[in-house]
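The values are calculated or read from the model by the stated rules, or taken from the named source; none is laboratory data. Bear in mind that the values here come from a model prediction, so they are computed numbers and not experimental data. Here the Cβ positions follow ideal geometry from the backbone for every residue, glycine too, while neighbour counts run over all protein chains shown.
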Amino acid sequence: MSTIDEFRKEVRAWLEANCPPAMRTPTPDGALIFGGRKLSFQSDDQRLWFERMRDKGWFAPDWPAEYGGGGLSAEQTAVLEAEMRRLHCRPAQINLGIWMLGPVILEFGTEEQKQALLKPMTRGEIRWCQGFSEPNAGSDLASLKTSAVDQGDHFLVNGTKIWTSYGDKSDWMYALVRTDPAAPKHQGISLIVLDMQSPGITVTPIDLISGKSSFCQVFFDNVNVPKGQLIGPLHGGWTLAKALLQHERRAMSKFGEFSLPTHFDLMSLAERYLPPVGAATSAATSAAAPADIALRARAVAMSMEEHSYTLTVQRMGEEMRARQNVSGLMSIMKLVHSEQEKDKFEILLDLMGHRALGWEGDEFTEQELALSKAWLGSFAQTIAGGSSEVQLNVIAKRVLELPEGKQSK
Ligand SMILES: Cc1cc2nc3c(=O)[nH]c(=O)nc-3n(C[C@H](O)[C@H](O)[C@H](O)COP(=O)(O)OP(=O)(O)OC[C@H]3O[C@@H](n4cnc5c(N)ncnc54)[C@H](O)[C@@H]3O)c2cc1C
């Protein structure tokens, strides 16, 4: 038996022994664990699963063990992910720090920063939020204006960030700030990290159409940020931002692997909401039958696309390990996945008919209410992490190497 086969056997046995059966089911709405100072659990099984994965170092399986990671090779990490998928294990922790900032610190941070920042992520002790977008800097992120003025041993930060997911629940933020207002816009930006409890920070939640409010606007009023919290070179933050966005898009392109409430099995819902195949059609239903057949065909086609996508993600995971610049690839995957999810919800809504119209109350099942809201949320994923149009621009430039269009005045 090869070493990797032995490793697979070990991982499978460990997961079977340590992932409680209740943690091998789709995660209900509101039951994801994000870690952080305000961490709480909804059940003993959830706590156990979190603690066991944490102690194994498997929140960040491929990070070096000295920073709290699992020390696994890329190949071993792929095996772990595959085995978790096979058993339908819930994610034990969702942490933007591990998904996005951690890999950037591993590449660009000082040894002191690695020691101070990475371990708390891998132990689920600090919840991170992302302070990139501003009211006039979303797709055109480099237009950001939040300023960080050099005061000798610290920066004084002023300005505002918007669309900060879970800004009100997070402990620390990684933020892009303007440190040189005189430089060309991409060259005067730096990446800093800051404690959300710092004096001068105000966080205001923003309501969303889906009824949930994960968004916040964050205001900085003379916030003191020690110089040691600058990541990478001063004014060199754009390079780090691009690297970080690659990690974000990679994470988003894998959302389908988690058992989030928004990720449902289309075919099993088709079975529930459509009349059984071959059922005798009465005069009353015969007119609807062709529509049902067409709907079922759309659902089957979407399920096949979804399966192809999952296989492609796995293949690309292998390929990516051998490549350095993957930003074009990540844009393709993020674009395809978020648009596919949106289309999948549209089919689901057609399947559910009036059952998709619920917002609250006991006339609808909990799942129906959750799915109607998640449908609205599916639009957001085509904007978060860079809109679909922006991904198309990146693909045109970095994958297809098309010439840039002339700017119209
Ligand atoms: C669910 C969700 C979570 C988010 N979480 C965070 C977060 O935690 N932290 C954070 O910093 N930000 C976050 N964002 C913000 C997100 O990064 C921005 O919304 C996104 O980059 C788009 O920016 P914008 O909203 O300012 O839209 P705009 O940039 O104003 O774009 C408006 C429209 O114009 C189109 N457009 C813009 N420029 C071009 C172009 N060059 N070519 C073609 N079309 C173009 C866009 O595609 C879009 O349709 C989140 C957004 C969502 C939806």
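General observations
- Close pairs from the range 77-104: first under 29 Å from residue 131 (Cβ atoms), partner at pLDDT 90 or above and among the hydroxyl-bearing types (Ser, Thr, Tyr), Cβ under 6 Å, at least 6 apart: 101/174
- Top-ranked residue of the range 1-29 - restricted to ones that are aliphatic (A, V, I, L, M) and within 26 Å of the chain's Cα centre (by Cα), ranked as surrounded by the fewest Cβ atoms within 10 Å (Cβ to Cβ): 22
- A single member of 319, 339, 389 is within 25 Å of residue 82 (Cα to Cα), of a type in the set (Asp, Glu) and at pLDDT 85 or above, and it is 339.
- Search result, residues across the range 385-404 that are touching a residue at least 12 places away in the same chain (Cβ under 8 Å) and not in a helix (DSSP H, G or I): 385, 386, 387
- Within the range 351-385, being at pLDDT 90 or above, closer than 23 Å to residue 246 by Cβ and in contact with an Asp or Glu (Cβ under 9 Å, 6 or more places away or on another chain) holds for one residue alone: 382.
- Test result for residue 110, outside the structural domain of residue 218 (by TED's automatic domain parsing), more than 15 Å from the ligand (Cβ to nearest atom) and without any contact (Cβ under 8 Å) to a residue 12 or more places away in the chain: yes
- Annotation note: of 116, 82, the sole residue that is closer than 30 Å to residue 21 by Cα, more than 16 Å from the ligand (Cβ to nearest atom), in a helix (DSSP H, G or I) and over 16 Å from the mean Cα position of the chain (by Cα) is 82.
- Members of the range 371-382 that are of a type outside the set (Lys, Arg) and either near the ligand (Cβ under 10 Å from one of its atoms) or crowded, with 19+ Cβ neighbours inside 10 Å (or both): 371, 372, 374, 375, 377, 378, 379, 380, 381, 382
Conditions tested, residue by residue: (1) over 30 Å from residue 310 (Cα atoms); (2) loosely packed, with under 15 Cβ neighbours inside 10 Å.
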{"position": "136", "(1), (2)": "yes, yes"}
{"position": "155", "(1), (2)": "yes, no"}
{"position": "162", "(1), (2)": "yes, no"}
{"position": "206", "(1), (2)": "yes, yes"}
{"position": "221", "(1), (2)": "yes, yes"}
{"position": "244", "(1), (2)": "no, no"}
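- Only one entry in 41, 50, 59 is surrounded by 14 or more Cβ atoms within 10 Å (Cβ to Cβ) and in a helix (DSSP H, G or I), namely 50.
- The set of residues from the range 80-113 being among the polar types (S, T, N, Q) and surrounded by 22 or more Cβ atoms within 10 Å (Cβ to Cβ) comprises 93, 95.
- Which numbered condition residue 122 fails, given (1) over 23 Å from residue 49 (Cα atoms); (2) more than 10 Å from the ligand (Cβ to nearest atom); (3) surrounded by 18 or more Cβ atoms within 10 Å (Cβ to Cβ): (1)
- The range 1-34: number of residues that are in contact with an Asp or Glu (Cβ under 7 Å, 6 or more places away or on another chain) and assigned to a loop (DSSP other than H, G, I, E, B): 1
- Considering the range 163-224, the qualifying strands (runs of 3 or more DSSP E), each wholly inside and each with 2 or more residues that are in contact (Cβ under 8 Å) with a residue 40 or more places away in the chain and outside the structural domain of residue 379 (by TED's automatic domain parsing), run over 172-178, 189-195.
- In the set (1) more than 14 Å from the ligand (Cβ to nearest atom); (2) under 21 Å from residue 387 (Cα atoms); (3) among the acidic types (Asp, Glu), residue 207 fails one condition alone, (1).
- Any hit, the range 189-197, residues being exposed (fewer than 14 other Cβ atoms within 10 Å of the Cβ), out of contact with any helix residue (DSSP H, G or I) (no Cβ under 8 Å at 6 or more places or on another chain) and modelled with pLDDT of 95 or more: yes
- Hits in the range 392-409 - residues which are at pLDDT 85 or above and more than 6 Å from the ligand (Cβ to nearest atom): 392, 394, 395, 396, 397, 398, 399, 400, 401, 402, 403
- Some residue of the range 231-247 being of a type in the set (Phe, Trp, Tyr), modelled with pLDDT of 95 or more and either part of a helix (DSSP H, G or I) or out of contact with any Leu (no Cβ under 9 Å at 6 or more places or on another chain) (or both): yes
- Scanning the range 136-162 for residues that are under 18 Å from residue 242 (Cβ atoms) and assigned to a strand (DSSP E or B) yields a count of 1.
- Filtered residues of the range 272-299 (kept if modelled with pLDDT of 85 or more and loosely packed, with under 14 Cβ neighbours inside 10 Å): 272, 293, 294, 297
- Picking from residues in the range 149-163 that are of a type outside the set (Asp, Glu) and away from the ligand (no atom under 16 Å from the Cβ), the one that is nearest to residue 220 (Cα to Cα) is 158.
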